[in-house]
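The values are calculated or read from the model by the stated rules, or taken from the named source; none is laboratory data. What you are looking at is a predicted structure, and each value in this text was computed from that prediction instead of being measured. For neighbour counting, all protein chains shown are included, and Cβ atoms are generated from backbone atoms with ideal geometry for every residue, glycine included. Note: accessible area is taken over every heavy atom of the protein model, side chains too, but ligands, DNA and RNA are not part of it. Shrake-Rupley method; radii C 1.70, N 1.55, O 1.52, S 1.80 Å.
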Amino acid sequence: MTTTIRKLTMARAISEAIAQEMARDPNVLVWGEDVGVYGGIFGATQGLYQKFGQDRVIDTPISESAFIGAAIGASAEGLRPIVELMFVDFFGVAMDQIYNHLAKNHYMSGGSVTLPVVLMTAIGGGYSDAAQHSQTLYSLFAHVPGLKIVVPSNAYDAKGLMTTAIRDNNPVMYFFHKGLLGLGWMPSDDWAEVHVPEEAYTIPFGQAANIGEGTDISIITIGAMVPKASKVREQLRQEGISVEVLDLRTLVPLDKQAIIQTAKKTHRVLIVDEDYRSFGMSGEVAAILAEDALDYLECPVRRLAIPDVPIPYSRPLEQFTIPSTTRIAETVRAMMD
């Protein structure tokens, strides 16, 4: 029996997952800015309005605190809202709803209130959208207890992780990178467009994916840095350097065991991240390695991430701030000396 290869963009995979869950469960709703008739500016809700109508796919006013707050209330009453905010950068105006209510109300109610909300948003730079539309920021929310943090790197994972997120009874923040979605109007990495099964499936949270086996050095990363790390792996193989790439897939829960295992295997670790370098994912992973795998490391852990500056509008400056395949490869070579 042969399996038909059906490649989807990440945007299509996300919308398909949502559609299948809306068909399965009438309590699943979608709302946000331009998610209805327009299908979302990033295509993550395309086709849902036409299929499920205005009562379940709702275009909201530009009031993030209002529609995220409404999702919290609706979920407490038994609905399962999926709420899209266009850019992660805009969450500032709704932070009280997110970190004081969505993240904490289950705990503060003694477990009597569940909040099955999926809060999805676009992250990342690379297309000159400047300091207020190009950030990643998932580490900021991973710092807050009570939120699960999901960051897919390809269409297969995007669908499976979204299905898991919708079925989870806890609040989940789902971050999709604009440069991986496969949008016609924005440069996209073809690496993310992969085979996606038609049927519904889930991918467990807290289970990292080994993208490629290696023996000399491990690159630990997430999101849009996964395709870059994979390309570097192929490039350096021609130079006789064997690179292992670990895609974390979720930050909360975090697959600490996979992090430790890959370090014990290769004895060298480079962490690559498109979030800010200070107080972020790269520092957390480095701390895990220092605490639990230090004796296995043959050289210090290295980190590549966004320097502590606002993302520049200037294309050359923006390209300098975001880790590139060239810089990843150069760092790996230096670590092998």
Q.
Using a Cα-Cα cut-off of under 12 Å, which aspartates and glutamates could be cross-linked to residue 178, ignoring same-chain neighbours fewer than 8 residues away?
A. 129, 189
Q) Just going by the charge dipole of the chain, with Lys and Arg at +1 and Asp and Glu at -1 on Cβ, which of 143, 314, 116 is farthest out on the positive end? A) 116
Q: Using just the helices of the chain, give the 222 nm mean residue ellipticity in deg cm²/dmol: DSSP H runs with n ≥ 4 each add -39,500 (n - 2.57), and the total is spread over all residues, rounded to 500.
A: -9500 deg cm²/dmol
Q. In whole Å, how far is the Cα centre of the range 250-273 from that of the range 105-125?
A. 26
Q. Using the alpha-carbon centroid of each, what span in Å lies between the range 126-159 and the range 217-239?
A. 19
Q: Only loop residues by DSSP count here, and only those with at most 16 other Cβ atoms within 10 Å; note down the GluC sites (Glu not before Pro) in the range 128-226 that meet that.
A: 198, 199, 213
Q: Take every DSSP beta bridge with both residues inside the chain and express the antiparallel ones as a percent of the total, to the nearest 5.
A: 15
Q) Are there chymotrypsin sites (Phe, Trp or Tyr not before Pro) in the range 4-50 that DSSP puts in a loop and that have at most 15 other Cβ atoms within 10 Å, and which ones? A) 38
Q. Hey, if we sort 143, 133 by accessible area with the 1.4 Å probe, largest down, what's the order?
A. 143, 133
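Roughly how many debye, to the nearest 20, is the charge dipole of the chain about its Cα centre, given +1 on each Lys and Arg Cβ, -1 on each Asp and Glu Cβ, and no other charges?
Here the chain has a charge dipole of around 320 debye.
Top to bottom by accessible area (1.4 Å), largest first, where do 276, 174 land?
The residues order as 276, 174, largest area first.
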Q | Candidates per GluC sites (Glu not before Pro) in the range 48-145, loop by DSSP, up to 11 other Cβ within 10 Å | A | 77
Q. For residue 207, which sequence-distant residues (separation of 5 or more, or a different chain) have an amide H within less than 5 Å of its own amide H, given hydrogens modelled in the peptide plane?
A. 250
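What is the chain's relative contact order, in percent, from Cα pairs under 8 angstrom and six or more apart in sequence?
So the answer I get is 16 percent.
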Q) For the chain, what are the DSSP H helices with axial Cα length of 20 Å or more and mean Kyte-Doolittle hydropathy of at least -0.5? A) 10-24
Q: Principal axes first, then extents: for the Cα atoms of the chain, list largest minus smallest coordinate on each axis, whole Å, largest first.
A: 61, 48, 46
Q.
Exceeding 27 Å between C-alpha atoms, which entries from my cross-link table qualify? They are 228/265; 51/104; 51/228; 159/264; 159/256.
A. 51/104; 51/228; 159/264
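Considering Cα pairs under 8 angstrom that are at least six residues apart, work out the relative contact order of the range 215-268 and quote it in whole percent.
After rounding, I find 50 percent.
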Q.
Using amide H atoms built in the peptide plane, which far-off residues or other-chain residues are under 5 Å from residue 220 H to H?
A. 246, 270, 271, 272
